[in-house]
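The values are calculated or read from the model by the stated rules, or taken from the named source; none is laboratory data. The structure presented is a predicted model; accordingly, all values stated were derived computationally and were not measured. All Cβ positions, even for glycine, are placed from backbone atoms using ideal geometry, and neighbour counts span all protein chains on display. For the accessible areas, the whole protein counts, side chains as well, though only heavy atoms, and no ligand, DNA or RNA atoms are used. Shrake-Rupley method; radii C 1.70, N 1.55, O 1.52, S 1.80 Å.
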Amino acid sequence: MIVTKQEDDIQHIAEGTVVTPKGFKAAGVHAGLRYTKKDLGVIVCDVPASCAAVYTQSHFQAAPLKVTQQSIAVEQKLQAVIVNSACANACTGEQGLKDAYEMRDLCAEQFGLQPHLVAVASTGVIGEFLPMDKIRSGIQQLQPCNTKESAEAFQTAILTTDTVMKKACYQTVIDGKVVTIGGAAKGSGMIHPNMATMLAFITTDAHIPSASLQAALRSITDVSFNQITVDGDTSTNDMVIVMASGLAENDELTPNHPEWHKFYEALKKTCEDLAKQIAKDGEGATKLIEVRVTGAVNDMEAKQVAKKIVGSNLVKTAVYGADANWGRIIGAIGYSSAAVNPNNVDVSIGGIAMLKASQPQAFSEEEAAAYLQNEEIVIEVNLHMGEGTGIAWGCDLTYDYVKINASYRT
């Protein structure tokens, strides 16, 4: 296992996956929902795990989300999550709900679990029914194990228009025990989340009750998954699930634990890592955009301004064209609902000052254009209104985004 970075007693495990935490196995197969790619995956825990989840706030929550919520409500534990791509099973009425429950029950039967310990997730085209004959056959093919290959099979099975797999893994030491957090996610289009983003599955071997895990996830989601945008569209299927096996054997973690901050920061890093990967892999994207806002009245307003900027189609297209048009950034700040003094705003791109106290600054267009050719772009804004800070992530908007979405169903 390769450790690439250590910060504040938290290590980034470059080779880590969702099966790196103790007690987890995964699998992914081609069930025939897509032409050739893997399209059905599962994560299974050796024991009933504490769990937490956040969901899209779309009025049209897909059937799998309703089934997952019902499963978790029984005893706030999960032991498996079954996921399919290619079909969202959204806006499919009573038949869709029946199919999602059958998918849950088939998974439970396959792995000898109680049905309420299984979560269900789907992603893909809205308004189409699941091909249940293929789902039934595919579930029978799933053979979870805790290898790198099995984790990659799962990571591949959950993708739709994504161009790369998305994974993250971090470790820390709590009560003298190594605690690991691993994650896998999918997301490339329809990303402008509210309480979750696309699909993300996080595993940990920390000993933590579901209530504490839920509180941590909800708080962290607001500064990670909720701070990314690709196209301003929120999916019907967005969901983040965390399962905690407890097999690290640390003392029970709650906010009162003296090392709670270590777990919280490790989970936060995992979520931020996955969120940034989703933003960077936006449909047709060539660049990751990070917007850092300081000087807002409070953190909430700073986050709002950051997301307005990174979500602006005009800002996104300017970044794609390597055009340092800071006026588009000002435009996005201007239509936010945050408190702003229009006479005292600073804007810089890649450390190049373009606006100081709302006065244009002389800068080299050539230097700015050269910076904007990079794959990762940082925009900084200081509102000079208070101590609030916030970060948001997104991507540029390219011709390929239109091409991909103009033919999504074909």
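Just a few scattered comments:
- Surface share of carbon and sulfur [accessible, 1.4 angstrom probe, percent] for the chain: 49
- Across the chain, C-alpha contacts under 8 Å between residues 6 or more apart give a mean separation that, scaled by the residue count, equals a relative contact order of 17 percent.
- Other residues with beta-carbon under 9 Å from the beta-carbon of D273 carry, at +1 per Lys or Arg and -1 per Asp or Glu, a net charge of +3.
- Structural descriptor for the range 1-125: relative contact order 22 percent, calculated from alpha carbon pairs under 8 angstrom and at least 6 residues apart.
- Probe 1.4 Å - accessible area at Y320, Å² to nearest ten: 80
- With a Förster radius of 60 Å applied to the beta-carbon distance between Y335 and V47, the computed FRET efficiency rounds to 0.75.
- Rounded if a/c under 1.5, otherwise prolate or oblate - the range 35-102, Cα gyration tensor axes: oblate
- With all protein chains modelled, accessible area of R218 [1.4 Å, Å²]: 110
- Using the Karplus relation 6.51 cos²θ - 1.76 cosθ + 1.60 with θ = phi - 60°, the per-residue 3J(HN,Hα) values for the range 272-281 come to 5, 4, 5, 4, 5, 5, 5, 4, 5, 9 Hz, with x marking Gly and Pro.
- Net +/- balance of residues flanking N382 in space, Cβ distance below 14 Å, scoring K and R +1, D and E -1: -2
- Heavy-atom accessible surface of the range 304-344, averaged per residue, reaches 43 Å², computed with a 1.4 Å probe.
- Whole-Å distance, taken between Cα centres, linking the range 340-410 and the range 83-104: 40
- Beta bridges by DSSP in the chain, antiparallel share as percent, to the nearest 5: 75
- HN-Hα J in Hz across the range 247-262 - Karplus 6.51, -1.76, 1.60, θ = phi - 60°, x for Gly and Pro: 7, 6, 6, 6, 5, 4, 8, 9, x, 8, 5, x, 10, 3, 4, 5
- Cα gyration tensor shape for the chain, rounded if a/c is under 1.5, else prolate or oblate: prolate
- Net charge over other residues, Cβ less than 15 angstrom from the Cβ of A211 (K, R count +1; D, E count -1): 0
- Over the range 238-379, relative contact order from alpha-carbon pairs under 8 Å, at least 6 apart, %: 22
- When peptides 357-365, 101-109 are ranked by their average number of other Cβ atoms within 10 Å per residue, the highest-first order is 101-109, 357-365.
- The charge dipole of the chain, taken about the Cα centre with unit charges on the Cβ atoms of Lys, Arg (+1) and Asp, Glu (-1), comes to about 740 debye, rounded to the nearest 20.
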